[in-house]
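Working notes for the structure below.
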Amino acid sequence: MFCRLTLVLAGMSVGLVARAQPPSAAQTLLLRDVRLIDGSGAPPREHVSLLLRDGRIEEIGGAGMAAPKGVEVRELAGKTVMPGLISAHSHLGLIVDDAESSATGYTPENVTAQLKQFERYGVTTIMSLGLNRDLVYELREEQRGGRLGGASILTAGRGIGVPGGAPPLPASADQIYRPATVDEARRDVDELAAHQADIVKIWVDKGHGTIPEMSPAMYKAVIEEAHEKNLRVAAHEYALKDAKQLVADGVDVLAHSVRDQVVDDAFVQAMKDHHVWYIPTFTVDESFYIYAERPAFMHTTFFQEAAGPQLTAKLNSDAYAEKVMGDPQTEQHVSDFTTGQKNLKKLFKAGVLVGFGTDSGALPGRIPGFSEHRELELMVGAGLTPMQAITAATGENAKLLHMTDRGTIAVGKRADLLVLDGDPLIDIRNTRKIVAVYHDGRSVADLPGR
């Protein structure tokens, strides 16, 4: 697990680290007689078999589908298969030693181990949405060349904030752009384009009046420059006023819930008219206070293996609970969470494009792998059905990220699959009952709790 790995020097050869941990070969096998949730939102299909070959889904048939000669068969009657989860908002290299945020943690070993943790929890693709050192581009190329395992990397590179502004996290100078002028911001976008970043990230947040906020003139310039370079823009935002202006100025993705107030009908219509995606990230606000309440999930192996021993101990301590309960901001975080849930219900019901992400990896309490399964539960708590939440995290997120080769289970698509010992349409928490993970057609070992 990433938290228990020793960090390496930032200058260590990326290639050496990556090649020391190559992904296993794709398998040719038949998964026989499963309940299939295909990620499209269509009703589940019973007694389905899937033939996986060369990392792809070659054939889909019935329970009696014959296996080609020499192909291994996995008999999975009673199991459910769904697409691998896709996170459109996660982070890499910001946490070390199980429990601490760090400005020096963005190393090949730390990032690689986090990618492996995402993967074994069934999160097969992530968008690392900002605060990346340029090392991320090298790791992405290693992965594309088949020399690096873990969740597939998409990246916003460093992302763009302003001097002294959001995000208020430990980060080295080469992890974020902080332009002071519009011209500098445009140059930063050009540099991201030169690196072939998958999206541009901006932070628009004044931290309840405690930090400087990016001006509308600057983020409008970033959006314009990015669109000229055929790049889309995702914005960290908090307030409805900012969200409205961002939508009017052409932003493509709102990367968090609007949380300062319930959204109005004009905003809902603007989101629909401009085809802007909305990522709720409920685990962001919940993570500030939920562990002090000692919820039942904290006692599970599924949670504890993701958190690691140091963070688990910290979150279970009386000192931590007292600190949270005594923090004057805790009440605000609870209010933000509640407002965010109301807003998702209203936006989703109106037909706004809803994606899936968690901000996992940004702070210790936002735990890679576990947070994604918790987010599904919280989306259902906000009013979505289990099928709608799963579809947001699979087929819809693939659309958000313009990834046509994954997100749904269909012939020719990547074999990114979760095999579950339970039906998540009955109880969304059954996504945690992972029997197997297949990523690009290969079996992922060391599953949580096993």
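Within the stretch 79-130, count every residue that is within 23 Å of Arg35 (Cα to Cα) and outside any strand (DSSP E or B).
6
Every residue, every condition in (1) more than 24 Å from Met403 (Cα to Cα); (2) at pLDDT below 95; (3) under 15 Å from the mean Cα position of the chain (by Cα); (4) not basic (Lys, Arg), yes or no:
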residue	(1), (2), (3), (4)
Asp336	yes, no, no, yes
Lys346	yes, no, no, no
Gly355	no, no, yes, yes
Leu363	yes, no, yes, yes
Val380	yes, no, no, yes
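Taking into account only those residues within the stretch 404-429 that are over 19 Å from the mean Cα position of the chain (by Cα) and of a type in the set (D, E, K, R), which is farthest from Pro44 (Cα to Cα)?
Looking at residues that are over 19 Å from the mean Cα position of the chain (by Cα) and of a type in the set (D, E, K, R), I get Lys413.
Looking only at residues in the stretch 42-65 that are over 18 Å from Lys79 (Cα atoms) and open to solvent by 40 Å² or more (accessible area, probe 1.4 Å), which one is nearest to the chain's Cα centre (by Cα)?
Selected residue: Arg56.
Find all pairs meeting these conditions: Cβ atoms under 7 angstrom apart; at least six residues apart or on different chains; first residue within the stretch 251-268 and without any contact (Cβ under 8 Å) to a residue 60 or more places away in the chain; second residue assigned to a loop (DSSP other than H, G, I, E, B).
Close Cβ pairs (under 7 Å, with a partner that is assigned to a loop (DSSP other than H, G, I, E, B)) amount to Val251/Val276; Asp252/Arg232; Asp252/Val276; Leu254/Glu237; Leu254/Val276; Leu254/Ile279.
Among residues belonging to the stretch 248-267 that are open to solvent by 10 Å² or more (accessible area, probe 1.4 Å) and assigned to a helix (DSSP H, G or I), point out the one that is nearest to Ala88 (Cα to Cα).
Quick first cut of the stretch 248-267, residues open to solvent by 10 Å² or more (accessible area, probe 1.4 Å) only: 248-250, 252, 259-262, 264-266.
Keeping just the survivors that are assigned to a helix (DSSP H, G or I) gives 248, 265-266.
Values: Ala248: 22, Asp265: 26, Ala266: 26 Å.
Across the stretch 248-267, the extreme among qualifying residues is Ala248.
Please count how many residues of the stretch 297-354 are open to solvent by 60 Å² or more (accessible area, probe 1.4 Å), β-branched (Val, Ile, Thr) and under 17 Å from His373 (Cβ atoms).
Adding up the residues that qualify gives 1.
Answer yes or no: is there a residue in the stretch 201-216 that is buried (at least 17 other Cβ atoms within 10 Å of the Cβ), of a type outside the set (A, V, I, L, M, F, W, C) and over 23 Å from His402 (Cβ atoms).
Looking through the stretch 201-216, at least one residue is buried (at least 17 other Cβ atoms within 10 Å of the Cβ), of a type outside the set (A, V, I, L, M, F, W, C) and over 23 Å from His402 (Cβ atoms).
Given the conditions (1) surrounded by fewer than 14 Cβ atoms within 10 Å (Cβ to Cβ); (2) under 25 Å from Met379 (Cβ atoms), which single one is not true for His236?
(1)
Grab the helices (runs of 4 or more DSSP H) fully contained in the stretch 302-417, keeping just those with 3 or more residues being under 26 Å from Leu94 (Cβ atoms).
Ranges flagged: 309-316, 318-326, 330-350, 370-381, 397-400.
For the stretch 150-165, does any single residue satisfy the condition of being more than 29 Å from Lys229 (Cα to Cα), among the hydrophobic types (A, V, I, L, M, F, W, C) and touching a residue at least 12 places away in the same chain (Cβ under 8 Å)?
no
Any idea which of (1) open to solvent by 10 Å² or more (accessible area, probe 1.4 Å); (2) in a helix (DSSP H, G or I); (3) not basic (Lys, Arg) is the one Phe288 doesn't satisfy?
(2)
Give Val251, Val263, Val268 a once-over and let me know the one that is on the phi < 0 side of the Ramachandran plot and in contact with a strand residue (DSSP E or B) (Cβ under 6 Å, 6 or more places away or on another chain). Break it down stepwise before answering.
Working: Val263 fails: in contact with a strand residue (DSSP E or B) (Cβ under 6 Å, 6 or more places away or on another chain); Val268 fails: in contact with a strand residue (DSSP E or B) (Cβ under 6 Å, 6 or more places away or on another chain).
Of Val251, Val263, Val268, the one residue that is on the phi < 0 side of the Ramachandran plot and in contact with a strand residue (DSSP E or B) (Cβ under 6 Å, 6 or more places away or on another chain) is Val251.
Considering only the stretch 141-163, how many residues are surrounded by fewer than 21 Cβ atoms within 10 Å (Cβ to Cβ) and closer than 17 Å to Val204 by Cα?
Adding up the residues that qualify gives 1.
Okay, residues lined up against (1) surrounded by 18 or more Cβ atoms within 10 Å (Cβ to Cβ); (2) charged (D, E, K, R); (3) within 14 Å of Glu372 (Cβ to Cβ); (4) in contact with a strand residue (DSSP E or B) (Cβ under 9 Å, 6 or more places away or on another chain):
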{"site": "Leu401", "(1), (2), (3), (4)": "yes, no, no, yes"}
{"site": "Thr404", "(1), (2), (3), (4)": "no, no, no, no"}
{"site": "Val411", "(1), (2), (3), (4)": "no, no, no, yes"}
{"site": "Val419", "(1), (2), (3), (4)": "yes, no, no, yes"}
{"site": "Asp427", "(1), (2), (3), (4)": "no, yes, no, no"}
{"site": "Val435", "(1), (2), (3), (4)": "no, no, no, yes"}
{"site": "His439", "(1), (2), (3), (4)": "yes, no, no, yes"}
{"site": "Val444", "(1), (2), (3), (4)": "yes, no, no, yes"}
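Would you point out which residue out of Ala99, Ala103, Ala166 is surrounded by fewer than 24 Cβ atoms within 10 Å (Cβ to Cβ), in contact with a Leu (Cβ under 7 Å, 6 or more places away or on another chain) and under 21 Å from Pro364 (Cβ atoms)?
Ala99
Which condition breaks for Arg374 when tested against (1) of a type in the set (D, E, K, R); (2) surrounded by 18 or more Cβ atoms within 10 Å (Cβ to Cβ); (3) touching a strand residue (DSSP E or B) at 6+ places or on another chain (Cβ under 9 Å)?
(3)
Say whether the condition of being in contact with a Pro (Cβ under 6 Å, 6 or more places away or on another chain) and under 24 Å from Ala234 (Cα atoms) is met by at least one residue in the stretch 70-84. Lay out the reasoning, then the answer.
First pass over the stretch 70-84, keeping only residues in contact with a Pro (Cβ under 6 Å, 6 or more places away or on another chain): none.
The answer is no; no qualifying residue exists.
Does Glu138 satisfy being surrounded by fewer than 22 Cβ atoms within 10 Å (Cβ to Cβ) and over 27 Å from Ser257 (Cα atoms)?
Considered against the rule, which asks whether it is surrounded by fewer than 22 Cβ atoms within 10 Å (Cβ to Cβ) and over 27 Å from Ser257 (Cα atoms), Glu138 comes out as yes.
For the stretch 66-76, which residues satisfy the criterion of being assigned to a loop (DSSP other than H, G, I, E, B), open to solvent by less than 70 Å² (accessible area, probe 1.4 Å) and either over 24 Å from Gly395 (Cα atoms) or at pLDDT below 95 (or both)? Steps first, answer last, please.
Kept after step one, since they are assigned to a loop (DSSP other than H, G, I, E, B), are these residues of the stretch 66-76: 66-71, 76.
With the extra rule that they be open to solvent by less than 70 Å² (accessible area, probe 1.4 Å), the set shrinks to 67-68, 71, 76.
Answer for the stretch 66-76, where residues must be assigned to a loop (DSSP other than H, G, I, E, B), open to solvent by less than 70 Å² (accessible area, probe 1.4 Å) and either over 24 Å from Gly395 (Cα atoms) or at pLDDT below 95 (or both): Ala67, Pro68, Val71.
The values are calculated or read from the model by the stated rules, or taken from the named source; none is laboratory data. Predicted, not measured: the structure shown is a model, and the values here were computed from it. So basically every Cβ, Gly included, is an ideal-geometry build from the backbone, and we count neighbours across all protein chains shown. To get the accessible areas, we keep the full protein, side chains included, count just its heavy atoms, and leave off ligands, DNA and RNA. Shrake-Rupley method; radii C 1.70, N 1.55, O 1.52, S 1.80 Å.
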